[in-house]
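Trainee: Here it is: the structure, laid out below.
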Amino acid sequence: MSAEKKLDLVCLGRAGVDFYAEQIGSRLEDVGSFAKYIGGSSTNIACCSSRMGLSTALITRVGDEHMGQFIREQLQREGVDTRCVITDPDRLTALVVLGIKDQDTFPLIFYRENCADMAVDESDIDPEMIADSRALLITGTHFSTEHVYRTSKHALALAKQAGVKRVLDIDYRPVLWGLTSKGDGETRFIASETVTTHLQSILGDFDLIVGTEEEIHIAGGSTDTVQAMRNIRAVSGAVLVLKRGPFGASVYDGDIPDNLNDGVTVEGVTVSVLNVLGAGDAFISGFLRGWINDEGYEQALRYANACGALVVSRHGCTPAMPTRDELDYFLANSASIVRPDIDTELNYLHRVTVRSQAWPELNIHAFDHRIQFAEMADASGAAHDRITALKTLLFQATTQVVESQQLQGRSGILCDGIFGQDVLNAATGSNLWIARPVELPKSCPLEFEGQQSIGTLLKSWPLEHKVKCLVYYSAADNLELRTQQEYKLLELYDACCHSGHELLLEVIPPDEETEVGESIYNSVGRMFELGIRPDWWKLPCMSSSWAGKVHNLINTTTPYCYGIVILGLDASDTDLAEGFKAFRGMPLVKGFAVGRTIFGKPARAWLAGDINDTQLVQTVAENYTRMASLWAQAMRS
């Protein structure tokens, strides 16, 4: 395949939203809550192939509603080209409800009556995009009605004309061919001469055909696998890939042998099964990584088997798909990883290599303080309910600067849910970096705010909100205090890993003789010893020597860390300008998270009634702008 194409893979087919039962082992009738993911075989394959390092695009339709927009945005976060993801004004996005009863029982219901992706049309297809790709993949469902059959045949003709390899994932779901009751989405095989004849009419259009034994049976018109493959071979010269479950997988390029093992065969990877749904999509994505990059059938099968093994151990389809980094780690260590779902390193890689958004620079206005604002209000004789209005004005000043200084994608806020819930509601979804605190202010040993467990608290938070935890901590603390604090931090880290929220850990050294930088270095090292690997760090200013050591420790130990931001602690502009310089040239250091230096004096004046709303916003905006300028100068000088 030509390596000079802009796209490696274009997928045409299903795009929907999966609602996965969160209660494992429950009947679907008894499930109490669901997790929402993007799904559909073509969507899963496009996303997993992107995670494998292939440049991918998707041709489909979504509804003109929230679920359709969710699919589009998530595809973009996954790095999938969405230029041919068309918004259908008349149809709703497809939905699927899924359960996990046991290792053999996965009830699911497809809500696909006249859904958007089944209306994908020839006019939705960009011929130039097809021609500029190395392979086109279509799933079997998109040959199941006359309309999608015609659309898919048009795409195949464009691919053939451009010399693009054509791939079929048989993806046989009897319910989607009208062979079962509408509620029976779980059944994987029903023999149908009509479906077999229909599929055989298009098998000759493909260069690669992939299926399970049941899917090969429906395509070949026989429940004898060898005979079914020979029937397929009679109408198609395609390379055939047979998924054989616990026996691994085999490739047949040419005549079909009497013994299935005489194909190019690679044994499967043994893992504990949680959920088989989506494993086939992961399998073909792994195979395509090797096949498109001309790595040979055996290597392609190794990728494929490992991808499938990882997904069957996890919850969900698209979110369960492995990234290239975690797949390579798994292949290197699969003999010792029987339970990928509980392997610490593998789960860490899965967590941190699926990035939602990159932040190359961050100018963060931090006004998540609670006690400090209450003390300001008390000193001014103002009621505490005025703090909520104050924080709204601080947010107004922030957004004003973001617009005027063109800081979109490079700015953020730290705000709390006690006085700042209105701000958090307004900021969510606005492309701001957002973090909010969980610690009980000034608690030492660390305690979490509110009466709920930390896991219960995070369940109600938007996923884009980072979990910020400030801890007064030193590795040199007495054993009792250190043990108490470390237990709470481990509890928090575990909660974030399960909820999917990114963790920002802010470490403030207690008053001690040890230099700040040395204390931070020892504390960071201790966190890593405990297995706590925050996504973000919020650290105080320190000498350039210790800043370099801390940066190198974080970068070496957790190379996937999203970033470090530098806090202010109510320091003067002059002191911060000098303190910032210590972090110059360090890639993980993204910016600052400063609060009282920006809002302190004007907030006190506003609470006291000495300035009005307009003056407050103007002064805070000026201070925030100046802080961004100080940071930029420090990084350049």
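Trainee: Step by step: first the residues of region 429-488, then only those that are under 24 Å from Gly525 (Cα atoms) and polar (S, T, N, Q), then the one that is surrounded by the fewest Cβ atoms within 10 Å (Cβ to Cβ). Which residue is that?
Mentor: If we take residues in region 429-488 being under 24 Å from Gly525 (Cα atoms) and polar (S, T, N, Q), then Asn478 is surrounded by the fewest Cβ atoms within 10 Å (Cβ to Cβ).
Trainee: Going by the conditions given, is Ser356 surrounded by fewer than 16 Cβ atoms within 10 Å (Cβ to Cβ), modelled with pLDDT under 90 and either under 30 Å from Tyr20 (Cα atoms) or assigned by TED's automatic domain parsing to the domain that holds Leu54 (or both)?
Mentor: Against the criterion (surrounded by fewer than 16 Cβ atoms within 10 Å (Cβ to Cβ), modelled with pLDDT under 90 and either under 30 Å from Tyr20 (Cα atoms) or assigned by TED's automatic domain parsing to the domain that holds Leu54 (or both)), Ser356 qualifies.
Trainee: Out of region 513-531, which residues are in contact with a strand residue (DSSP E or B) (Cβ under 8 Å, 6 or more places away or on another chain) and either closer than 24 Å to Gly595 by Cα or surrounded by fewer than 19 Cβ atoms within 10 Å (Cβ to Cβ) (or both)?
Mentor: The answer is Ile520, Ser523, Val524.
Trainee: If you scan region 538-596, which residues turn out to be part of a loop (DSSP other than H, G, I, E, B), touching a Cys at 6+ places or on another chain (Cβ under 9 Å) and buried (at least 18 other Cβ atoms within 10 Å of the Cβ)?
Mentor: Across region 538-596, the qualifying residues are Gly568, Ala582, Phe583, Leu588.
Trainee: Please state which of the following conditions Ala605 fails to meet, knowing it meets all the rest: (1) touching a helix residue (DSSP H, G or I) at 6+ places or on another chain (Cβ under 6 Å); (2) in a helix (DSSP H, G or I); (3) at pLDDT 95 or above; (4) among the hydrophobic types (A, V, I, L, M, F, W, C).
Mentor: So Ala605 meets the others, but not (1).
Trainee: Being among the β-branched types (Val, Ile, Thr), within 31 Å of the chain's Cα centre (by Cα) and at pLDDT 95 or above is the filter here, so list the residues in region 236-274 that pass it.
Mentor: Scanning region 236-274 gives a single hit, Val241.
Trainee: Got a number for residues in region 352-386 being within 19 Å of Val594 (Cβ to Cβ), among the aliphatic types (A, V, I, L, M) and assigned to a helix (DSSP H, G or I)?
Mentor: Final tally of qualifying residues: 2.
This table checks each residue for (1) in contact with a Cys (Cβ under 8 Å, 6 or more places away or on another chain); (2) not acidic (Asp, Glu).
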{"site": "Ala383", "(1), (2)": "no, yes"}
{"site": "Thr392", "(1), (2)": "no, yes"}
{"site": "Ser411", "(1), (2)": "no, yes"}
{"site": "Asp416", "(1), (2)": "no, no"}
{"site": "Ala427", "(1), (2)": "yes, yes"}
{"site": "Lys442", "(1), (2)": "no, yes"}
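Trainee: Need pairs with beta-carbon distance below 6 Å; first residue crowded, with 21+ Cβ neighbours inside 10 Å and within region 134-152, second acidic (Asp, Glu); sequence gap 6+ or separate chains.
Mentor: Correct list of pairs: Arg134/Asp8; Thr139/Asp169; Thr139/Asp171; Gly140/Asp171; Thr141/Asp171; Thr151/Asp121; Thr151/Glu122.
Trainee: Go through Val620, Val524 for me and flag whichever is within 30 Å of Thr323 (Cα to Cα) and in contact with a helix residue (DSSP H, G or I) (Cβ under 7 Å, 6 or more places away or on another chain).
Mentor: Every option except Val524 fails the conditions.
Trainee: Can you tell me which residue is surrounded by the most Cβ atoms within 10 Å (Cβ to Cβ) among those in region 101-114 that are part of a loop (DSSP other than H, G, I, E, B) and not polar (S, T, N, Q)?
Mentor: Arg112
Trainee: Got a sec? Which of Gly204, Gly163 is in a helix (DSSP H, G or I) and modelled with pLDDT of 85 or more?
Mentor: Gly204
Trainee: Starting from region 403-422, keep only residues that are within 19 Å of Ala621 (Cβ to Cβ), then list their pairs with residues that are assigned to a loop (DSSP other than H, G, I, E, B) and charged (D, E, K, R) whose Cβ atoms are within a distance under 8 Å, requiring at least 6 positions of separation or different chains.
Mentor: Arg410/Glu361; Leu414/Asp368; Cys415/Asp368; Gly420/Asp368
Trainee: Tell me, which strands (runs of 3 or more DSSP E) wholly within region 1-100 include 2 or more residues that are in contact (Cβ under 8 Å) with a residue 24 or more places away in the chain and within 22 Å of Val354 (Cα to Cα)?
Mentor: Fully inside region 1-100 and qualifying: 7-12, 16-21, 34-39, 56-63.
Trainee: In addition: Report, ordered by the first and then the second residue, all pairs with beta carbons closer than 7 Å, sequence separation of six or more or different chains, a first member in region 619-637 that is assigned by TED's automatic domain parsing to the domain that holds Ala366 and in contact (Cβ under 8 Å) with a residue 12 or more places away in the chain, and a second member that is small (Gly, Ala, Ser) and crowded, with 19+ Cβ neighbours inside 10 Å.
Mentor: Correct list of pairs: Val620/Ala397; Ala621/Ala397; Tyr624/Ala397; Trp631/Gly591.
Trainee: Quick one: which residue in Ala377, Ala435 is modelled with pLDDT of 95 or more, assigned by TED's automatic domain parsing to the domain that holds Ala632 and over 27 Å from Gln485 (Cβ atoms)?
Mentor: So the residue among Ala377, Ala435 that is modelled with pLDDT of 95 or more, assigned by TED's automatic domain parsing to the domain that holds Ala632 and over 27 Å from Gln485 (Cβ atoms) is Ala377.
Trainee: Further question on the same structure: Of all residues in region 287-312, which are more than 22 Å from Arg355 (Cβ to Cβ) and small (Gly, Ala, Ser)?
Mentor: Gly290, Gly296, Ala300, Ala304, Gly308, Ala309, listed by residue number.
The values are calculated or read from the model by the stated rules, or taken from the named source; none is laboratory data. Since this is a predicted model, take the numbers as computed values, not measurements. Note that we place each Cβ from the backbone using ideal geometry, even for glycine, and neighbour counts take in every protein chain shown.
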